[in-house]
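No lab work stands behind these numbers, since they all come straight from the coordinates. Bear in mind that the values here come from a model prediction, so they are computed numbers and not experimental data. FYI the Cβ positions are ideal-geometry reconstructions off the backbone, even for glycines, and counts take in every protein chain you see.
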Amino acid sequence: MTRIVTDADRFVPDALRGFALAHAEEVRLVDGGVVRAQPLAPGRTAVLIGGGSGHYPAFAGYVGQGMAAGAVCGNVFTSPSTGQALRVAEAADAGGGILFTFGQYAGDVLHFGEAQRRLRERGIDTRTVLITDDVASAPAGEEDRRRGIAGIVCVFHVAGAAAERGDGIDEVERLARRANERTRTHGVAFAGCTLPGADHPLFEVPEGSMSVGLGIHGEPGVRDEPLQDAAQLAQTLLGPLLAERPDGADRAVVLVNGLGTVKYEDLFALFGHVSDLLAQQGVAVVEPVCGELVTSLDMSGVSLTTMWLDDELEALWRAAAAAPAFRKGAPLPPSSTVAAEPVASEPRPAAPEPGPASDPGPPAPAVVPAESRVAAAVALRLFAAARDAIDAESGRLGDLDAIAGDGDHGVGMLRGIAAATAAADGAGDAAGIEAVLEAAADAWAETAGGTSGALWGAGLQALGASLGAAGSLGPAALAAAIRAARERVQSLGGAELGDKTMLDAIVPFEVAFADAVDAGHDVRDALAAGAVAARAAADATAALSPRLGRARPLAARSIGHPDPGAVSFTVVIDAVERRLGED
């Protein structure tokens, strides 16, 4: 992936721009992703898909008739931001409600979830269907903990075809859930992928081996096994899917998916053996697809998907589709010319009554206390110091994240804190601490995306709101603000102590800071105590097994290495403590 890229930071916007130009009759570029070139007919449900980039044809390639109305596209292997999801939703909305559907990853759940909340506040009926097809990421009986991989294509088409024929949002949501419940995927990798701008792959597979149970974000599999020939590999991939075959299911969609460098002839050879095995089990294959469907940059790997059909799912799978990367059936008429019956949805808020004819003019700006402006100036210096520290450590953080994740944590942290620093600086000399932190929070969440982007943005926003409401900005007020930030991060992310997340460093920091303040120490001493506690706690996460996030399916690989989120938190706190000590 580094052969053509000249600026890794421009990889996603450049690729999206070129994609939109190449398919200008079908899609148009919007801020945050792409939508159909022709708007939906009034009253239609808008099916919106999305996730990190690096998976083409997913996600932009599946925008079109019989598929999605739009795709929200984040940075490489990083969930899109809430703002991106909102902007794509606004561009695609046709008045019949919005259905978000995407693979279950923590960052996507956080950002799309917040977008859903905000859209509902505006009176737009918004639903979410999480896709959980990967059998390797959680055992049977715990399907709701699984991640979404190549089976997302089945759900996208079922939901898109239902929306295309005019089904209301209740029915589109029901059918998307039905498709997800009956879709299973299993994959293997032969070599890891390389992020744009990187000089080495995220992981390596031992010579003569394959990594079983891969993810689509550059994660290695859950175990390594000796390489197998096509017939053996078909059995390895199909076995877990047959084990979860619904009672009475005698037909299935089959997808044989190349992850980036396994090409079509290999996929066809594998499919032949899969088809033979299914025939032996009395399963008829319905309109199979072999090709690159959901990739992982240049990963060498393959996955097998089955969607176990019933009559309604088969009818929708056979329905026509016309998207840049997914075409089937007879050509469809332009959807914008096909009127749909109005679909019942939650009422939108009534327009506000017009105000008095006289215009009182803009309200007088609030007077910002001098203490708040001084604190804002200090915060600017601290942001700059933390940015420089993350810049110096981003490579190490990425390598740490690649052990059991997708390797993008360092890049994401650097993007987020750089954007936050610039936004804080742009808030103006007259801004107080709340305005500076709010600007930084919005910029961090918008630019970084991913789980850490959402959590850092939410934590900074809560920190600023607490300080803004405080009567003074002494040590006790800062301790209370740190507690508010931790509560917000914990509430949003759902983590508990011991889950091997950044919370394992935040809580000891909070406790040590508060104890020092209670003992009468000033902010500098309290920060120093908190930094020591956070470092020790972050180091101690090496002994933990992750219970949340992308590292959870690869828990064994993670043990012995500290959590990258906890480590990056200590990098920020150490930089803040050092810089404050220089003032």
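Would you mind computing the Rg to Rh ratio of region 76-219 from its alpha-carbon coordinates, Kirkwood style for Rh? Rg/Rh for region 76-219 comes to 1.03.
Given only helices, namely DSSP H runs of n ≥ 4 each adding -39500 (n - 2.57), what is the per-residue ellipticity at 222 nm of the chain, to the nearest 500 deg cm²/dmol? Taking each H run of at least 4 residues, the total per residue is -15000 deg cm²/dmol. Could you give the distance between the Cα centres of region 466-531 and region 48-69, to the whole Å? Rounded to whole Å, the Cα centres lie 40 Å apart.
Residue order for 112, 271, fewest other beta carbons within 10 angstrom first, comes to 271, 112. Put in order of Cβ neighbour count within 10 Å, fewest first, the listed residues 500, 328 become 328, 500. Counted over region 1-147, the DSSP beta bridges are approximately 30% antiparallel.
With Cα atoms defining each centre, region 383-454 and region 79-134 are spaced 23 Å apart in the structure.
Per-residue Cβ neighbour counts within 10 Å put 222, 576 in the sequence 222, 576, beginning with the fewest.
Along region 62-68 the Karplus relation, 6.51 cos²θ - 1.76 cosθ + 1.60 evaluated at θ = phi - 60°, assigns HN-Hα couplings of 9, 9, x, 5, x, 10, 8 Hz to successive residues, with x for each Gly and Pro. To the nearest 10 degrees, how steeply does helix 409-425 sit against the main Cα axis of the chain, on a 0 to 90 scale? In the chain, helix 409-425 runs at an angle near 50 degrees to the longest axis.
Rounded to the nearest Hz, the phi-derived 3J(HN,Hα) couplings of region 384-390 under the Karplus curve 6.51 cos²θ - 1.76 cosθ + 1.60 (θ = phi - 60°) are 4, 5, 5, 4, 5, 5, 5, where x marks glycine and proline. Once you have a ≥ b ≥ c as the square roots of the Cα gyration tensor eigenvalues for region 472-581, tell me rounded if a/c is under 1.5, and otherwise prolate or oblate according to whether a/b is larger than b/c. Judged from the Cα gyration tensor, region 472-581 comes out prolate (a/c at least 1.5, a/b above b/c).
Within the set of other residues whose C-beta is less than 11 Å from the C-beta of residue 67, count the net charge using Lys and Arg as +1 and Asp and Glu as -1. My count for the surroundings of residue 67 gives +1. Pairwise alpha-carbon distances in region 370-582 exceed 29 Å for 18% of all pairs.
Equivalent ellipsoid of region 418-522: semi-axes from √(5λ) of the C-alpha gyration tensor, largest first, are 22, 20, 10 Å. Protection proxy ranking, highest mean first, for peptides 371-380, 478-487: 478-487, 371-380, where packing is the per-residue count of other beta-carbon atoms within 10 Å, averaged. Largest first, the extents of the alpha carbon coordinates of the chain on the three principal axes equal 76, 70, 45 Å.
Peptides 531-544, 452-465 ranked from most to least packed, by the mean per-residue count of other Cβ atoms within 10 Å: 452-465, 531-544.
The antiparallel fraction among DSSP beta bridges confined to the chain stands at about 60%. Taken one residue at a time, the phi angles of region 106-116 give Karplus couplings (6.51, -1.76, 1.60, θ = phi - 60°) of 4, x, 5, 4, 5, 6, 5, x, 5, 4, 4 Hz. Gly and Pro are set to x.
Ranked by the mean number of other Cβ atoms within 10 Å per residue, highest first, peptides 245-254, 86-95 order as 86-95, 245-254.
Overall shape: oblate for region 1-142, with the ratio a/c of the largest to smallest alpha carbon gyration tensor axis at 1.5 or above and b/c at least equal to a/b.
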